[in-house]
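> The structure is given below, and queries will be raised subsequently.
The values are calculated or read from the model by the stated rules, or taken from the named source; none is laboratory data. Note that the coordinates shown come from a computational prediction; the quantities given were computed from them, not determined experimentally. We place every Cβ from the backbone using ideal geometry, glycine too, and count neighbours over all the protein chains shown. Surface areas here come from the heavy atoms of the whole protein model, side chains and all, with no ligands, DNA or RNA. Shrake-Rupley method; radii C 1.70, N 1.55, O 1.52, S 1.80 Å.
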Amino acid sequence: MEQGSHLLFWKAVNTVILIAILYYLLKKPISRFISDGINSVVSRFEKVKQEKEEALNLLKEAERKSQEAKEEAEKIIKYSQELAEKEKQQIIAEAKIAAERVIKMADEEIEKEIYKAKEELKKFAAKKAVELAEEKLKVAIDVESNKKLIESSLQKL
C-alpha cells in the first residue's frame with residue numbers, strides 16, 4: 001500500500017502543481033474575461049437605463065405636445081364656432097335688411113298699382129258717365145224729336 005499511497009501522493013502533488021500553474025497562467029485572462037463580462041453587463045444595463053430615460057422623456061414630450069395640440073384644437077374649434085356665430089348673425093341681419101327692402105319695394109309697387117287702378121277707374125267712370133249722358137241725351141233727343149215731329153205732323157194735318 002505504500003506504493004499506492006506514494007503514487008497517490010505524487011498524483012496529488014502533480015494535481016496541485018497543475019492547478020497552481022493553471023491558476024498562474026489563467027488568472028489574468030479569466031479575471032479579465034469575467035471583469036469584461038461584468039463590465040459589458042453593467043455597460044448594457046447603463047445603456048438600457050439611459051435609453052429608458054430617453055424613452056420616458058420622449059413619452060413625456062409627446063404627451064405634452066399631444067396636450068398642446070388638444071388645447072390648440074379646442075381653441076380653433078371655439079374660434080370657428082364664434083366666427084360661425086358672427087357670420088350667422090351677419091347673414092341674418094343682411095337677410096332682414098334685404099327682406100325689409102323687398103317688402104318696402106313691394107309696398108311701393110302695390111301703392112303704384114293701386115294709384116294706377118284708381119286712375120283707370122276714374123277714367124273708366126268718367127267715360128261711362130259720358131257714355132250714359134250721351135245715351136240719355138240721345139234718348140231725350142229722340143223722344144223730344146219724336147214729339148216735335150209728331151206735333152209738327154199733326155199741325156200740318
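> Here is a list: E120, E72, E82. Which entry is of a type outside the set (F, W, Y), open to solvent by 100 Å² or more (accessible area, probe 1.4 Å) and part of a helix (DSSP H, G or I)? Spell out the reasoning first.
Working: E72 fails: open to solvent by 100 Å² or more (accessible area, probe 1.4 Å); E82 fails: open to solvent by 100 Å² or more (accessible area, probe 1.4 Å).
From the options E120, E72, E82, the qualifying one is E120.
> Condition test on I77, is it surrounded by 10 or more Cβ atoms within 10 Å (Cβ to Cβ), of a type in the set (V, I, T) and under 28 Å from the mean Cα position of the chain (by Cα)?
Spelling it out, I77 is indeed surrounded by 10 or more Cβ atoms within 10 Å (Cβ to Cβ), of a type in the set (V, I, T) and under 28 Å from the mean Cα position of the chain (by Cα).
> Something else: Assuming L25 fulfils every condition listed in (1) modelled with pLDDT under 90; (2) open to solvent by less than 100 Å² (accessible area, probe 1.4 Å) apart from one, which condition is it?
Every condition holds for L25 apart from (2).
> Here are I103, I97, I92, I17: which of them is out of contact with any Asp or Glu (no Cβ under 8 Å at 6 or more places or on another chain), assigned to a helix (DSSP H, G or I), at pLDDT 90 or above and open to solvent by 90 Å² or more (accessible area, probe 1.4 Å)?
Step by step, each of I103, I97, I92, I17 is checked, and only I103 is out of contact with any Asp or Glu (no Cβ under 8 Å at 6 or more places or on another chain), assigned to a helix (DSSP H, G or I), at pLDDT 90 or above and open to solvent by 90 Å² or more (accessible area, probe 1.4 Å).
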